[in-house]
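First up is the structure itself, then whatever we jot down about it.
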Amino acid sequence: MANCFDLTLPISDQPSALFALPAVLAREGANIVDLSHDRLSLSLNPKGATIHVVVEIEDHSHGIMMLAALAKAGFAATVQSI
């Protein structure tokens, strides 16, 4: 697989909360390889959900720029593996 970031992002569980994420990733030129949405886990806040997304990036610096754009858009992404 090419350069990838495996991200976990908490979001609020409300209509359109997920909509902004792919827009930010597309704007930054990151390709979504895999995405899952978990809102049923007992460890989550009842008003929250967790998004797991694997994105393909050009290189490490591109990934850092993508993370900065996510943070600017209000997403608190954590990188699980690089």
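Rule-based calculations on the coordinates, nothing more; no lab input. Predicted model only: the values in this text are computed from it and were never measured. Virtual Cβ from ideal backbone geometry, glycine too; neighbours counted across all protein chains shown.
With all pairs of different alpha carbon atoms counted, what Kirkwood hydrodynamic radius in Å does the chain show?
12.9 Å
Once the piece of chain linking Ser36 and Ala76 is laid out straight, how much longer is it, given 0.36 nm per residue of separation minus the C-alpha distance between them?
Result: 12.8 nm gained on full extension.
So what is the relative contact order for the chain, in percent, with contacts set as C-alpha pairs under 8 Å and at least six apart?
48 percent
What size of dipole, in debye to the nearest 20, comes out for the chain about its Cα centre when the only charges are +1 on Lys and Arg C-beta atoms and -1 on Asp and Glu C-beta atoms?
Its charge dipole is roughly 360 debye.
From the residues Ser16, Val79, Ala2, which one has its Cα farthest along the dipole of the chain in the positive direction, the dipole being from +1 and -1 charges on Cβ of Lys/Arg and Asp/Glu about the Cα centre?
Ser16
When ranked by the protection proxy of mean other Cβ atoms within 10 Å per residue, highest first, what sequence do the peptides 64-77, 8-21 form?
With the highest mean Cβ count within 10 Å placed first, the list reads 64-77, 8-21.
Any idea how far the Cα center of the range 3-36 sits from the one of the range 53-82, in Å?
The distance from the Cα centre of the range 3-36 to that of the range 53-82 comes to 9 Å.
Nearest 10 degrees is fine. How inclined is helix 60-72 to the longest principal axis of the chain, computing both from alpha carbons?
Once rounded, the angle reads 40 degrees.
When the helix-only estimate is applied to the chain (DSSP H runs of n ≥ 4, each -39,500 (n - 2.57), divided by the residue count), what is the mean residue ellipticity at 222 nm, nearest 500 deg cm²/dmol?
-7500 deg cm²/dmol
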